[in-house]
Structures are given as structure tokens and as C-alpha cells.
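All remarks here apply to the structure that follows.
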Amino acid sequence: MGAQTLHFWHECIDCGHHFTPDKFLYTCPDCKGLLLVVRDEDAVKKIVGTGGHARDYIDNLRYGAARKRYPNDSGVWLWRQFVLPGFPEDAILSLKEGQTDLFEVPEWLAKELGLQKLFIKMEGQSPSESFKDRGMPVAISDALRLQRDYPGLGILGVSCASTGDTSAAAAIYSAYRRDRLSCIVLVPHKKIADAQLFQAMAYGATVRAIDHPDGFDGCMKLIQEFAAQHPEYVLVNSKNDMRIVGQETIGLEIVQDLGWQPPDWISIPVGNAGNLTALLNGLLRAKDLQLIDRLPGIIAG
């Protein structure tokens, strides 16, 4: 089967080299730098539009008649032509992730904290109960696309290292297509919550607890070595830049929740800065396409 025309590519943040999305890469093959997905903005403007037209386009997918068509009931995939223009809809895997509540805390609490208003994005409402359900369906869908369109790659499954959330998300999404993808997970011995370990095992992932002196970092090193030796198992940790693409939709959804009026500040948790990168990418592009007229401040902790 021939691949469809995709209006995005991978770009190395160090050397700037571009790579077409016809194989899985989690680092630059030239300099080993990290990759980011870059979009053909002219194609995005042609499909989605700019300004009010773009806002109407997205609002119709979320609130209008178009919501009834799969996968528009996904808070990730309704943004597909903005974040991954041209991505084939028949390769998309969605479990109705995203479109989570933006909960306003009581006025007394906001004032106690010295704020006029305070909202909390309830990402625990997604399938595996964490924000990892934003990036994982994109990474898994891309693995399915590559498996289908490029059978010579021999893709058999996905792999990751985790202390809980990533493994749960990888397991639940790959389990839905267990007929095509298996899932391998490395976790640090006795450094993962029982409930999250149970999630990965219950969804059928092959889980191995590693007693490594470096804990998660040791597991991450091992899974990267495994993925390098076994490219048939796509790495779905946040080094997979398709994960970052999915996580961009958190910030995009927040501004849509607020009627396209950005908040003064967005506060996010930061581990290896994947969330921060995703938030900045999404909001900067939203401003460039005039979905929003200003950028919020970001508190990363």
C-alpha cells in the first residue's frame, strides 16, 4: 500500500537535518540529536485556515455536528490537521482521550492563593488516568501507520521504560490493537506504584522489573539499547517526537476551553521538559495562525 501525502517531517534540533516520516527515528542518525516534528504551515493554513476561520473549524470538530465522526470525540485527534496535517485517519487509534474538564476551583481558594481565578485541567479523566494519554495515542498510531504503509520495517510492537504513567498508557493503547502490536515495558524494581504496575500487566504488556543502581535512568538506557538493536519495537518514551505532538493539545485545549482567550499563566509539571516543549510548540503555532492573540506565561515545576 502506498503512503499518503504527509505534510510534516522530523527535524534535528541540533544539526537541523530533516527526515521524512517513512521510518521510526528517535534521535538524529547524523548527530544523535533530539528530533521534533515540523509542520508544513502552508498546508495547515490551507486545511484549517487562520484566525476566526481556524477557530470555527476546530470548534465545529469539538462542539458541532462533526463531533459525531470518529475520531473527533478525541481531544487529541480533533486537532490532527493542525498538529499532523495529512496523517491518515484510517491509521488513527483513539480511546476518547482528552477533552477533559477544566475545573474552576472555589473562589475562596483562589483568593487565598492570591489569584482572581484558578483552573485545574483534569487529565486524570483520560483512559489510563494521566496526561500521557495525550502523546501515547499519537505514537501508537504512527507505529500502526508505519507498520501498514512500510511492511519492510517489520514493526512488531512498542517498547518503553517507565515508573508508571508511560507504561500504563503504552499498555492500554497497544492492547487495543493486540492483533498487530505487542508492548514491552522496563520498570525499576520496587520503584513503581502497585496500581500502575497492575495497569501495565492487566493490559497484557510484557513487564520486566530491573534492579538497576540508576533506577529509571538505568531502565531508560537499557530500553534505548534494546530499541536500537530491535527497531521492530518502536520506542514510545518522550524521545519519540510524536509523543510531543500529542502533548501539544493540552495547551491548545485549554485556550479553546476558555473561548480562545489565553489564561495569564499555565503551570505544568516538568520531568525531562517534554511537556514544556509541547506546550511552547503548540501555543507558538496557535499564535502564528491567529487562533490566539497573545501567549500565556508558563510556570514549569
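The values are calculated or read from the model by the stated rules, or taken from the named source; none is laboratory data. Owing to the predicted nature of the structure, the values given are computational and were not obtained by experimental measurement. Cβ placement follows ideal geometry from the backbone for every residue including glycine, while neighbour counts extend to all protein chains displayed.
Worth pointing out:
- The number of residues in segment 256-286 being part of a loop (DSSP other than H, G, I, E, B), of a type outside the set (A, V, I, L, M, F, W, C) and at pLDDT below 95 comes to 3.
- In segment 3-44, the residues that are under 21 Å from residue 225 (Cα atoms), modelled with pLDDT of 95 or more and in contact with a Gly (Cβ under 7 Å, 6 or more places away or on another chain): 12
- Verdict on residue 104 being in contact with a Lys or Arg (Cβ under 7 Å, 6 or more places away or on another chain), on the phi < 0 side of the Ramachandran plot and surrounded by fewer than 19 Cβ atoms within 10 Å (Cβ to Cβ): yes
- Highlighted here would be helices (runs of 4 or more DSSP H) found entirely within segment 39-118 that include at least 2 residues which are in contact with a Ser or Thr (Cβ under 6 Å, 6 or more places away or on another chain), but there are none.
- Selection within segment 119-140 - part of a helix (DSSP H, G or I) and either charged (D, E, K, R) or over 27 Å from residue 88 (Cβ atoms) (or both): 123, 124, 125, 132, 133, 134
- Exactly one residue out of 241, 194 is under 19 Å from residue 80 (Cβ atoms) and of a type in the set (Asp, Glu): that is 241.
- Some residue of segment 287-298 being part of a helix (DSSP H, G or I) and free of Cβ contacts under 8 Å to residues at least 24 places away in the same chain: yes
- Residues in segment 211-247 that are in a loop (DSSP other than H, G, I, E, B) and surrounded by 21 or more Cβ atoms within 10 Å (Cβ to Cβ): 236, 237, 238, 240.
- Matching residues, segment 33-68, being surrounded by fewer than 17 Cβ atoms within 10 Å (Cβ to Cβ), over 21 Å from the mean Cα position of the chain (by Cα) and basic (Lys, Arg): 45, 46, 68
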